[in-house]
Amino acid sequence: MKDMVDQIKIRLRDQKIDVSDEDIESRLKKLIVDFRVPESEARRSVLNYFLKEHGIMPAARVSSEKVKIADIKEAGRWVDLEVKVLELWTPASGTISQTGLVGDGTGSLKFVKWTKSELPDLEEGKSYILRRVVTDEFQGRFSVKLNRTSQIEPLETDVEAKAAGRASAEPLKVVEINEPGRWVDLEVKVAQLWETNSDSISQSGLVGDETGTIKFVKWAKAELPDLEEGKSYRLSNLVTDEFQGRFSVKLNRTSQIEPLDFEIAIGSVAALFSGALVDLQKGSGLIKRCPICKRSLAKGVCAEHGKVEGTYDLRIKAVLDDGRRVQDVLINRETTERLVDITLEQAKQMAMEALDHEVVRSMIESRMMGRYYTVTGPRVDRYLLVESINEMPAVSVAQVEELLASQEVA
Ligand SMILES: [Zn+2]
């Protein structure tokens, strides 16, 4: 491994790029250990990754060309755009310094400005030329990313831009929301209101319809009336957002709230997700539950009922990653027993012999980590409650390349 790291480091140094040994090694390990990619293939892939990350295309340096938003029809293209900033949204992650919508006479799209690009901030309503930005695509929707090689130049003249989304919002069910940056109308009931931890947010919580629930955020500057828990509303012209595989809807200045005179019932329909199991979380394996409320106990204590004599159960809390999104999954005892071929009784026996409950979790981890699964079941908040799970064959090198490419821009 050390040799491979050094080889990559030398090639990067030729390009005046300095990357830490740990960064190179963890990426190599992921490919070789988790995805069983041949070493030579992994070395090439990791080298290309870091070259690209530093704006060097493996072939020749690409030049950007000036285009209109409607001309953007493929990912990975370097372009210059003359646009107006239509909306700024609060970034969901520290790696993003700004995100929102930009538009020109032909349409609008989402932009993401990475923190490490160290570019100046854009202002809402102002027009700019964005140079050397790279296009990206997620489920048919395009966006542009501003990275270290991009440039921002304010424009003297105002760019005529189409109003943000207004005409294109479409009525959807919650379960149909599967991409960020889409304008939608929902008929929902407010399931929960949460404490807000930011002055920029006036309300947030969960809303749902018969297909599922989704987080909502109502910006303070939207100046919209407050939603009440348990009441049903038609919410118009919301924009969808996504963070680490979890979708949300945002109510902004252009959104509308209309109380409904009938009640929406909150339910759930099965969702499907395929990906590599990348984390088996604490609280997996052999656990104890409160005999009264069935909550899992932390060190023999129920959050509701205090110290109780727990009853044993088996379950798996894991994270699947498809290279673009992650999904938390919960697997119940029956499915866990079948999946890892162990009964609750055998698990108890294992733990007793080892004098440690953790051995069960470790055993499950060694069997499932890095493998590919397809799961179905209802989504409840951040979890997919697994009703069926099937292992898939290991991924091909091409799929890994694609996965890494998507991680680079995500
Ligand atoms: Zn309890």
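The numbers here are math on the coordinates, done by the rules we state, and not lab data. What you see is a predicted model; the values in this text were computed from it and never measured. Ideal geometry is used to build each Cβ from the backbone, glycine not excepted, and the neighbour counts take in all protein chains shown.
Structure notes:
- Global form of the range 170-259, assessed from the alpha-carbon gyration tensor, a/c cut-off 1.5: rounded
- Judged by the gyration tensor of its Cα atoms, with axes a ≥ b ≥ c, the range 1-109 is prolate; a/c meets the 1.5 cut and a/b is the larger of a/b and b/c.
- Between residue 40 and residue 223, the modelled labels are 6.6 nm apart [label points 7 Å from Cα along Cα→Cβ].
- Amide H contacts under 5 Å for residue 146, placed H, 5+ residues apart: 112, 113, 114
- Packing-based order for 321-331, 73-83, 221-231, using average beta carbon neighbours within 10 Å, highest first: 321-331, 73-83, 221-231
- For residue 96, nonlocal amide neighbours, meaning residues 5 or more places apart or on other chains whose placed amide H falls under 5 Å from its own, are 115.
- Where labels lie 7 Å past Cα in the beta-carbon direction, separation of residue 369 and residue 95 in nm: 2.1 nm
- Oblate is the label for the chain, because the ratio a/c of its alpha-carbon gyration tensor axes (a ≥ b ≥ c) is 1.5 or higher and a/b is not greater than b/c.
- In terms of packing, defined here as the mean over residues of other Cβ atoms within 10 angstrom, the peptides 333-339, 288-294, 180-186 line up highest first as 180-186, 333-339, 288-294.
- Only the Cβ atoms of Lys and Arg (+1) and of Asp and Glu (-1) were treated as charged; on that basis the dipole of the chain about its Cα centre amounts to roughly 620 debye.
- Available extension along the chain between residue 303 and residue 17 is 97.9 nm, counting 0.36 nm per residue and deducting the alpha carbon span.
- FRET efficiency for the residue 29 to residue 383 pair, using the beta carbon distance and R₀ = 25 Å, is estimated at 0.30.
- Here the simple spin-label model places points 7 Å from the Cα toward Cβ, and for residue 170 and residue 152 these points are separated by 3.2 nm.
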